[in-house]
Amino acid sequence: MDETLQAAATAIQERFGAEVHEYAGEINLIVAAEKNIEVLTALRDEFGFDFFIAGTAVDYWPQEQPRFHVLYMLYSMAHNLTLRLRVPLDGNAPSLRTAEGVFANANWYEREMYDMFGITFIGHSDLRRILMPKDWQGHPLRKDYPLGYEEVRFTFNYADVDRRKPLAKE
Amino acid sequence: MTDAQQVRPEELDGMSHLVSERALKGETMLLNMGPQHPSTHGVLRLLLELDGEIVVNCIPDIGFLHTGIEKTMESKIYIQSLVCTDRMDYLHSLGNNLCYSLAVEKLVGLDVPPRAQVLRVMLAELTRISSHLIWMGTSALDLAAMSVFLYGMRERELILDIFEMISGQRMMTSYIRPGGVWRDVPAEFEKAVRDFLDVMPRRLDEYESLLTKNALFLERTVGIGKISTEDCIRWGISGPIMRATGLPYDLRKMRPYSGYEQYDFNIPTHDGCDIYGRYLVRVQEVRESLKIIRQALDRLPYGPVRSNNRKFVPPPRSELGVSMESLIHHFKLWTEGFHAPAEGVYASVESPRGELGFYLEGDGGTKPRRAFYRGPSFANLQIMPILTRKHFVADVVGIIGSIDIVLGDTDR
Amino acid sequence: MGVEQKTGNMGVVTTTLQNVVNWSRTNSMWPMLFGLACCAIEMMGAQASNYDMSRFGMELMRASPRQSDLMIVAGRVSRKMAPVLRQLYDQMPDPKWVVAMGDCASCSGIFNNYAVVQGVDEIVPVDVYVAGCPPRPEALIHGIVTLHEKVKKESLTKWK
């Protein structure tokens, strides 16, 4: 592993109590939810991780503690290194402070996390649905949200499904 | 929502905190460039706040093409999810396949034979050329240069013929799979690619003679839609938009994948930061892609095109009649699929629009827990307010064309 | 029979009003630009010079629904886009036809989930379905020609 990356990982580990997990040459830093803004600011200002690649979330249902892991993927233009930050969140009313002040890019990624997973971001300037219609109920990418598929029409059930399908007449 | 339609402040439903006070009082006009519009390159809705003809603010509204591909990929085994990846950034479908295959190979630790690496590079560059041809055609069409569109589609047919020759499908080929490529290329492939390489540079000169020094084109593109390098880094913009500000950041050189470090090519940049700079960068990129394809074709080695690791890659059909283990592997892989560890990996490639990435996390089973697609247009579309501030309405059309968005990778 | 033989040289042709109306409707059917996703690229390819659709009368694609009579729904229709589609269909003046191009418009293709409308015929009545993912330009032209044959058989009095 690169020395700069090693130094950054060890520094974050000592200062903020993060765990370091390595797989396939990539580093995951697991940080508690209360410290996410401090870690992001330290990574951006002191260690040169100034490019915010993407932010997303993973759902670990039916495990409730923690249920979500919010991921921030960062890149350093000066040192050419990538890093991933994981923030575990609990299942009931998950919320996190917004990273919009640190990385301007995070605006739409956090809106998408709110839309798809229901994670609220405290202090976000414009938290509303981005991909689904504005009056949609539910958060689609959660594991307990159904896929919503329609029954496939074979020859044996063609007449049944056809009767129930709402076709437009005019 | 046919063509542009004025929006009354009480119809804003949820977006009223984004427009200025003057709009709510009625001093500035709110104009809706609706989801169905000839110049928005897909279903994108832009809410423009206009002071006369000058744009004060521009708010993009996406989600009209949301297909739930990420949730669909969570319910299919890894090899089945590959088919869904074609349709995300539909102009660069082989590149999506490549990114997904790189992520799966990183996750389970698969090797790729050298012949497959070279084929992947060639096909990725051919896809890049076809995407740039469509970009050039549609954005020139928006600025009323219609003949470039017809010429671009004519060249693109040559590339689609090559894709059809190797995989049977013109667009959504699903040819690049984890472990290599699907099957070996036929004997006519090399001649077809060499003919294309001979024809293309002269045609590119023709298109450049139509646009590059055209006074009308220069009037509409020089100095319009500027963004600085610091803003690009702040907003996570990559690709030709950043290269047109002067920074030679290209994933093929910075974080090379699939053997790109062995090829000799330059990264075109321009200092203009405007639409014209992006146009020049993209045309030069097509020339560099032609160089890479020629080098790849010259060094194409003999050998297998799929990995030998039968635990993850299905065996070729010719083996099924003679080997019992091949039959068992084939059966297990196509009915149940392989198991991936409960780890997360991120793989990225350079698409014609910027950095395209896949974050794949397994859960120990045969289906991915999370397949997240980092589409470049999702990040690139956020800078629309910055690019269009204080420009005329007619420039908005040119600016959207220059960012080269594809709504498939924004909305997935 | 005898009348046409005698009057053909003088530039007179006899036919029925229904034939003339159907013939004029088919030969200058203008499609509306409704390309949503990947099928739109193949539709653009069908409009370009290699597989020319102008020889079937579709020289231009009108962006405004008020000036078009054919809506080619090319691509997947998401739930957010469905009301827009219906509004555009309502804004088109009669007579109008709909071609569902591609698998996603006909039956939602490979996307059997919450976000895609399962076949665009849940929203608008469809005349011709063109299969393929995406359909080749030749398949789209075959679909258009099938629609032309359907229109030629339409009756003037039974138009709703």
Within chain B, count lysine pairs with alpha carbon atoms under 26 angstrom apart where the residues are 8 or more positions apart or belong to different chains. 23
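How much FRET efficiency would the formula 1/(1 + (r/R0)^6) give for C:A63 and A:Q137, where r is the Cβ-Cβ distance and R0 is 25 Å, rounded to 0.05? Don't jump to the answer; show the numbers that get you there.
Working: r = 34 Å, r/R0 = 1.37.
Using R0 = 25 Å, I get an efficiency of 0.15.
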Determine the share of chain C's accessible area contributed by carbon and sulfur atoms, expressed in whole percent, with a 1.4 angstrom probe. 57 percent
Springs between alpha-carbon atoms under 10 Å, Gaussian network over chain A: tell me which of A:Y145, A:Y72, A:Y60 tops the mean-square fluctuations. A:Y145
Rounded to the nearest 0.05, what FRET efficiency do B:E325 and B:R183 give with R0 = 35 Å and r taken as the Cβ-Cβ distance? Could you check? 0.95
Whole-number value, in Å³ per residue, for the convex hull of the alpha carbons of region A:1-95 is 95 Å³
Principal axis lengths of chain C from Cα atoms, whole Å, largest first? 65, 37, 24
Helix-only mean residue ellipticity at 222 nm, chain A, DSSP H runs n ≥ 4 weighted -39,500 (n - 2.57), per residue, nearest 500. What is it? -7500 deg cm²/dmol
If the chain between A:N157 and A:D90 were fully stretched, how many nm would it gain, using 0.36 nm times the residue separation less the Cα-Cα distance? 19.8 nm
When you look at the Cβ of every residue in B:228-238, what mean number of other chain Cβ atoms sits within 10 Å? 4
222 nm [θ] for chain B, helices only, -39500 (n - 2.57) per DSSP H run of 4+, per residue, to 500? -14000 deg cm²/dmol
Based solely on its DSSP helices, what 222 nm [θ] is calculated for chain C when runs of n ≥ 4 H residues each add -39,500 (n - 2.57) and the sum is averaged over all residues, nearest 500 deg cm²/dmol? -10500 deg cm²/dmol
At 7 Å along the Cα-to-beta-carbon direction for both B:K191 and C:L156, put a label point, then send me their distance in nm to one decimal. 5.7 nm
Could you order peptides C:78-89, B:68-79 by the average number of other Cβ atoms within 10 Å of their residues, highest first? B:68-79, C:78-89
Under the Kirkwood approximation applied to all pairs of distinct alpha-carbon atoms, what is the hydrodynamic radius of region B:143-258 in Å? 17.9 Å
What would the Debye formula give as log10 I(q)/I(0) at q = 0.06 Å⁻¹ for the alpha-carbon point model of the protein assembly as shown, no solvent? -0.37
Cα shape, region B:289-364, gyration tensor, a/c 1.5 rule: oblate
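Quick check on packing: order A:11-18, C:106-113 by the mean number of other C-beta atoms within 10 Å, highest mean leading.
C:106-113, A:11-18
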Can you list the residues in region A:66-83 whose accessible area drops by at least 30 Å² when all protein chains are present, compared with the chain alone? Use a 1.4 Å probe, heavy atoms only. A:M73, A:Y75, A:M77, A:N80
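Determine, for each peptide in B:335-345, B:369-379, the mean count of other beta carbons within 10 angstrom over its residues, then list the peptides with the highest first.
B:369-379, B:335-345
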Looking only at other chains, what is the average number of their beta-carbon atoms within 10 angstrom of each beta-carbon in C:77-89? 6
Between region B:165-233 and region C:11-65, how many Å separate their Cα centres? 30 Å
HN-Hα couplings for region A:144-158 via Karplus (6.51, -1.76, 1.60; θ = phi - 60°), in whole Hz with x for Gly/Pro, come out as 8, 8, x, 5, x, 8, 9, 5, 6, 8, 9, 5, 6, 10, 4
Partner chain Cβ atoms within 10 Å, averaged over the residues of A:134-140 - can you pull that number for me? 3
Give me the accessible area buried between chains C and B, both sides summed, with a 1.4 Å probe, in Å² rounded to the nearest 100. 3100 Å²
Scaled by the rule-of-thumb 2.2 N^0.38 Å, the alpha carbon Rg for chain B gives a ratio of 1.05
In percent, what relative contact order does chain A have, based on Cα pairs under 8 Å that are 6 or more apart in sequence? 16 percent
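Put B:L407, A:L127 in order of accessible area, largest first, 1.4 Å probe: what do you get?
Listed by decreasing accessible area, they come as A:L127, B:L407.
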Two decimals is fine: what's Rg over Rh for chain A, C-alpha atoms, Kirkwood radius as Rh? 1.13
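The values are calculated or read from the model by the stated rules, or taken from the named source; none is laboratory data. What you see is a predicted model; the values in this text were computed from it and never measured. Here the Cβ is made from the backbone with ideal geometry for all residues, glycine too, and neighbour counts use every protein chain on show. Only protein heavy atoms, including side chains, enter the accessible area calculation; ligands, DNA and RNA are left aside. Shrake-Rupley method; radii C 1.70, N 1.55, O 1.52, S 1.80 Å.
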